[in-house]
Amino acid sequence: MELRVASLTLRLGTGTRPAVLAVPVAPTGDDTDDSAAGPGSAGKAGSAGGAAAAVLATVPLPAGTESVLAAYLADVEHSGAAGSIEVLPRPGERPQRLIAVGVGDGTEADWRAAGAAVVRAAAKQPALTVAVPDGLTDAQLAGLAEGILLAGYRFSLAADDSGAPALNRVTIAADAARYGPALAHAQAVAEVTALARDWVNTPSNDKSPEWFAGRIARAAEKHQVQVRIRDAAALAAEGFGGVVAVGEGSPRPPRLVELRWRPRGAQRHVVLVGKGITYDTGGIDIKPIGAMELMRKDMGGAGAVAAATIGAAAMRLPVRVTALLPLADNVVSGAAYRPGDVVRHYGGITTEIQNTDAEGRIVVADALAYAVRRLAPDVLVDLATLTGAQRVALGKKTAALYATDDELAAALAAAGDDAGEPMWRMPLPADYVEKVHSSTVADLNNAPVQGEAGSVMGALFLREFTAGHPCWAHVDMSAPAWSASAAGELPKGATGWGVRTLLRYLATQ
């Protein structure tokens, strides 16, 4: 079985005498009862007085390989921790290079870390074989494959591609009949994650709302996802005043994309909303240059929601999903909306604009109001690169989660933990609600408090458009949408954050 994502091909097969062989190893310790351990759970990392990491591969290794590797592991004191790497060059031998990769306790996340690590360690080699032990679960094999495919992702528009990794083929030495479905699952997840990453990485001189809507539609239609795109005229006619206001300063008009995946027999209806600001200057309240450089990522929520919806269809998940993606440029011009303007949203709620750089909540508000009035969702979730305050509160890798339902919050957080996309539940404090209503001329104020509880204020503002829906969640994922350097399965640049979490959540519905 052979599958491909971008420039990397991944297959299952035995492989004979590979030039580069990666072998999983796990920590051992004197106090460990290995007889009770499953694959990848060979003891406690860092046990006092523990032995060298143990080789886990049970596929036939080339003659003499295991003894050489065991001696090397003891010499270098390989910890066996998940994703830890030791490379043994063997000039003139076959394999020419042995990579010992730690799988820690053997969880799905540990195998994902191992897959990512071997891809980076073998980047200069054209091909790589990864040996695995007998008895891996589907989740462990899928984790390994996911790590390989996600870490192997790259995006470049450079004319000179000479610096690209040489690695283009990875073989997992495992039974194709047994693990084919697990590999296909990993493939589907990696493909749509790569799709979201491509969209976010695309420079904004190409990524207009029209361009983005067209790319989403093209990808959706391949998997029988229904698509409706509202242009600026339709948005104005139907009362989407928030999207119109944010986008009216740009010569590239706004769009609202609606995706529908409705499998036969589906009972549960999940509506997903994604913020899609294709570039954000801040508008008239213009950002400083340092804050503007990465604003191509300000449509990361829309990218994740669209990709996850397409992924749900590709994986034939039996849950009804509707995605709403308000897309707009927020730029400076004579036609741009201004501080002090009053915007009338879909459904009639009005907002006084205190800060034109708090534009994401203005477009997401329209989509939420439309969802509760027209779509009758059982569950309503929005993802948005909403605030810099999220990074201040929780750092670069953990998203802020707000929810009106404890069960929904727990399910999303669990899905994020399993996917390696953590989030932390934040409060919706009542003492800030009056500030959202502090306008003297409109129902709401879009930015009543500067420099205080910014992520919380954004969530409280958006809640006003859910009409008291009992099962709503907002995920502020601004910082996690982008990685300043390659780490684990994340490349430098767009991470596709949220795609894998949403797919895991939807699979439980």
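The HN-Hα couplings worked out from phi for the stretch 320-334 by the Karplus form 6.51 cos²θ - 1.76 cosθ + 1.60 (θ = phi - 60°) are 6, 10, 10, 10, 10, 10, x, 10, 7, 8, 10, 10, 9, 6, x Hz, whole numbers, x standing for Gly and Pro. Here the peptides 330-342, 491-503 are ranked by packing, the mean other Cβ count within 10 Å, and the order with the highest first is 491-503, 330-342. Computing Rg and the Kirkwood Rh from the Cα coordinates of the chain gives a ratio, Rg/Rh, of 1.02. Among the lysines in the chain, how many pairs, 8 or more places apart or on different chains, have alpha carbons under 18 Å apart? Total qualifying Lys-Lys pairs in the chain comes to 10. 3J(HN,Hα) along the stretch 225-240: 8, 6, 10, 10, 10, 8, 8, 4, 5, 5, 4, 5, 5, 8, x, 7 Hz, from the Karplus curve 6.51 cos²θ - 1.76 cosθ + 1.60 with θ = phi - 60°, whole Hz, x for Gly and Pro. Backbone N atoms of the stretch 237-273 closer than 16 Å to the 7 Å Cα→Cβ label point of Lys287 belong to residues 247. Met457 contributes an accessible area of around 10 Å² to the protein surface, as traced by a 1.4 Å probe with all chains present. For the stretch 124-272, what is the percent of antiparallel DSSP beta bridges, rounded to the nearest 5? Just about 50 percent of them are antiparallel. Within the chain, what's the longest run with no GluC sites (Glu not before Pro) in a DSSP loop and at most 12 other beta-carbon atoms within 10 Å? Give the range, please. Formally, the longest exposed-site-free interval is 78-292. Tell me which DSSP H helices of the chain clear both cut-offs, 27 Å or more of axial length from alpha-carbon atoms and a mean Kyte-Doolittle hydropathy of at least 0.0. Membrane-span-like by this rule: 176-201. Rounded to the nearest whole Hz, the Karplus-based 3J(HN,Hα) values (6.51 cos²θ - 1.76 cosθ + 1.60, θ = phi - 60°) of the stretch 440-445 follow the sequence 8, 10, 9, 5, 9, 10, with x at glycine and proline. Once the whole set of protein chains is in place, how much accessible area is left on Tyr370, using a 1.4 Å probe, in Å² to the nearest 10? Ignoring ligands and nucleic acids, Tyr370 comes out at about 10 Å². Roughly how many whole Å is it from the C-alpha centroid of the stretch 438-509 to that of the stretch 270-285? With the stretch 438-509 and the stretch 270-285 each reduced to a Cα centre, they are spaced 11 Å. In the stretch 198-355, the alpha-carbon atoms span a convex hull of 114 Å³ per residue.
A quarter of the convex hull surface defined by the alpha-carbon atoms of the stretch 381-461 gives 5.7 nm² as the mean projection.
A DSSP coil position with no more than 12 other Cβ atoms inside 10 Å describes the following trypsin sites (Lys or Arg not before Pro) in the stretch 205-281: Lys222, Arg264. Put simply, the amide H of Arg154, placed in the peptide plane, has neighbours under 5 Å in Ser7, leaving out anything fewer than 5 places away on its chain.
How large is the accessible surface per residue of the chain, computed with a 1.4 Å probe and reported in Å² as a whole number?
Values: 19760 Å² over 509 residues.
Result: 39 Å² per residue.
Over the chain, dividing the summed -39,500 (n - 2.57) contributions of all DSSP H runs of at least 4 residues by the number of residues returns a 222 nm mean residue ellipticity of -10000 deg cm²/dmol.
The values are calculated or read from the model by the stated rules, or taken from the named source; none is laboratory data. Keep in mind the model is a prediction, meaning the values are calculated, not measured. Quick reminder, even Gly has a Cβ in these numbers, built from the backbone with ideal geometry, and neighbours come from all protein chains shown. Remember, those area values only see protein heavy atoms, side chains included, never the ligands or the DNA or RNA. Shrake-Rupley method; radii C 1.70, N 1.55, O 1.52, S 1.80 Å.
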